[in-house]
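Worksheet: the structure to be examined is printed underneath.
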Amino acid sequence: MVHQTIAIKTTNASSASSKISPMNLNLLRLASMALIVGTLAACSTRPVATVDSSPIPELRPAPGIPAAAPTVTGAPVAFPKSRWLPVAWSDLPGFESDALHEAWNAWLKNCERPTPAFAGLCSEVRRLSIATGEEQRAWMQAKFQPYRVEAGDGNADGLLTAYYEPQLDAARLPGNGYNVPLYRLPAGFGARKPWYTRQQIDTLPEAQAALAGRAIAWLRDPVDALILHIQGSGRLRLTEANGQVRQVRVAFAGTNDHPYKSVGRWLLDQGLVRDATWPGISAWIAANPGRVNEMLWSNPRYVFFREEPLEGLDAEFGPRGALGVPLTPGRSIAVDRQSIPYGTPVWMWTPGPTVALNRMVFAQDTGSAILGAVRADYFTGWGAEAGEIAGRLKQNLRLWAFWPRHLTPGTGR
């Protein structure tokens, strides 16, 4: 995706969206459009930033917590798309300063559906949920070996992008300006692959017949719908038929099996805009309302949703990721599972320029564009600020994976 790179220094917070300094409305609109008009260049690399290799002060465990293992254990391990090299804890930039207690909610979510390698530690994870950060850090150093994640050629630099949950107004029934549907999986889905394209879904009687009665809700703006399709889930302020307004989530249920293509790239390739920024795109839309569908149809991929309740604790977490647990804002990432197994605790370091982050996160999701050894998509949360940062984040990344010392990485034994 094409992102703006405005330097912001963040501080640790329990919600990713709370880490971002307030931005003005124009930047927000620009960031939202960046989600739509981005190219597939998000999968490419960018110039490598210089890594701060200064040593990290030695940590002293709290009383009653086992001391960290004094030596590096384990051997290099090869995965289908990555290589893991054991390193010392002092190699992890900023590990001593992360607010680990804020990451514990994500770890507790991991333990709702633990993978074999980490299941045996869940009782201790639950016990340590009320421990101090120093106690949590000392326990991790004692129980885990950190591994630097790198490509097969030894390149440890990769790419970080981000995603979020849009919040949109919607209506249960069409009318009063709400005329853009969000569909459940169509009747007989799976019998035809790939299914109809976006244009065919909008225009062909047979596609419309298969979707009859399948609308979950209706939006006002087809561009908002496309944002929701790109992000894969969202929160709706839904007006019911009786006028009651409530919050619901629409979560990813499937696609029509066509590839994603950037509408921004289409506009550039057609020579219709000079650059795919919000001012250029919005000016083009205003001047060419009759061609908006043509622009949208340049992306054949279409996403179907399922409705989920959004009440109580559900509202404090994101949608369920590929691991099957709700995502935690600021502490969940999507990865290439052929590089990092689901459920793995990961140390993430990125120097900016959009945000600078040193923090523990968890591999709990994946995505079609999240491919490669050192590649992550960072879940920023929901709402305006989360969308703002997600729309601009595209920067250098390094990752370290944590694995139980007594196990071979990638296994539960």
**Prompt:** What residues from segment 306-336 fall in the zone where the backbone N is under 14 Å from a label point 7 Å along the Cα-to-C-beta line of Ala99?
**Reply:** 329-331
**Request:** Can you pull the one-decimal nm distance between simple spin-label points at Arg306 and Thr73, each 7 Å off the Cα toward Cβ?
**Result:** 4.0 nm
**Request:** List, largest first, the extents of the alpha carbons of segment 259-326 along their principal axes, each in whole Å.
**Result:** 46, 24, 21
**Message:** In 5 Å bins starting at zero, report the fraction of Cα pairs in segment 156-257 per bin as a rounded %.
**Reply:** 2, 11, 20, 23, 18, 12, 6, 3, 2, 1, 0, 0
**Prompt:** Computed over the Cα atoms, what is the radius of gyration of segment 226-378 divided by 2.2 N^0.38 Å, N being its residue count?
**Reply:** 1.24
**Asked** How far, in nm, would the chain grow between Arg192 and Gln167 when pulled straight, counting 0.36 nm per residue and subtracting the alpha carbon separation?
**Response** 5.8 nm
**Message:** Just to be sure I understand the model, the point goes 7 Å from the Cα along the line to the Cβ. What's the resulting Val292 to Glu134 distance in nm?
**Reply:** 5.9 nm
**Asked** How big is the Kirkwood radius of segment 237-297, worked out from every pair of different alpha carbons and given in Å to one decimal?
**Response** 14.6 Å
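Every number here is computed from the coordinates shown, using simple stated rules; none is lab data. These numbers come from a predicted model, not from an experiment. Because the Cβ atoms are built from the backbone with ideal geometry, glycine has one as well, and the counts that use them run over all protein chains shown.
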